[in-house]
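First up is the structure itself, then whatever we jot down about it.
The values are calculated or read from the model by the stated rules, or taken from the named source; none is laboratory data. Note that the coordinates shown come from a computational prediction; the quantities given were computed from them, not determined experimentally. All Cβ positions, even for glycine, are placed from backbone atoms using ideal geometry, and neighbour counts span all protein chains on display.
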Amino acid sequence: MSAELQPDAQLPDAELARRARGGETDALEVLLRRYQDPAYGLCLRWLGDTRHAGDAVKDALVSFSEQLRRSTTPPAVLVYQSAIAECEERAKARKIEKAGLDEGDETRLRAALSELDINELSVLLLRDLVGLDLDQIAEVLALSRGSARSRLQRARLKIGRLLETRIDV
């Protein structure tokens with residue numbers, strides 16, 4: 001690995017993507033390391049299982065690597081789109097069983113999250129787990145900023161009703 005591309009390289013995503021598209025594997029490795037943990041966190045929350053989340057992240061990062069070479073889309077957008085697609089596919093395949101709301105806070109939250117539709121869940125996890133702002137969420141999900149905000153509000157209100165608590169929107 002070159003001295004200027006250490007794992008914690010502070011180069012902007014756009015520069016790393018440009019270099020990766022030019023064939024620099026070190027640049028791709030830095031991007032993969034940069035987004036592996038946030039993508040894993042997203043997948044773990046979505047799927048609720050470390051093994052399935054790990055598998056989803058591996059596949060999402062492979063997909064990201066392939067897409068990056070032929071796309072001008074920002075790396076963060078590609079990573080989260082790939083992670084969401086992998087989670088959706090796995091959730092459908094597993095037909096995740098919904099837990100009862102009376103089995104503790106974590107179980108209640110998982111059950112409430114499972115009640116959200118895919119659009120609401122995507123926005124909520126990208127905002128509250130990954131920490132993207134509304135403009136970034138809109139870009140990842142190919143929505144207008146207003147639609148992203150509306151979906152986030154609906155998701156938070158629905159979760160609040162399901163948990164019988166008030167969640168600020």
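So the values come out like this:
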read-out: Selection status of residue 145, modelled with pLDDT of 90 or more and surrounded by 15 or more Cβ atoms within 10 Å (Cβ to Cβ); value: no
read-out: Hits in the range 106-138 (condition: in contact with a Leu (Cβ under 9 Å, 6 or more places away or on another chain), part of a helix (DSSP H, G or I) and not aliphatic (A, V, I, L, M)); value: 107, 108, 114, 119, 120, 122, 127, 128, 136
read-out: Pairs where the first residue, in the range 80-93, is closer than 16 Å to residue 37 by Cβ and the second is outside any helix (DSSP H, G or I), C-beta under 9 Å, 6+ apart; value: 80/132
read-out: Residue satisfying condition, being assigned to a helix (DSSP H, G or I) and loosely packed, with under 15 Cβ neighbours inside 10 Å, within set 15, 29; value: 15
read-out: From 39, 85, 60, residue being in a helix (DSSP H, G or I), of a type in the set (A, V, I, L, M, F, W, C) and surrounded by fewer than 20 Cβ atoms within 10 Å (Cβ to Cβ); value: 85
read-out: Some residue of the range 105-118 being under 16 Å from residue 43 (Cβ atoms), surrounded by fewer than 17 Cβ atoms within 10 Å (Cβ to Cβ) and either polar (S, T, N, Q) or modelled with pLDDT under 85 (or both); value: yes
read-out: Of all residues making up the range 42-57, the number that are among the basic types (Lys, Arg) and surrounded by fewer than 19 Cβ atoms within 10 Å (Cβ to Cβ); value: 1
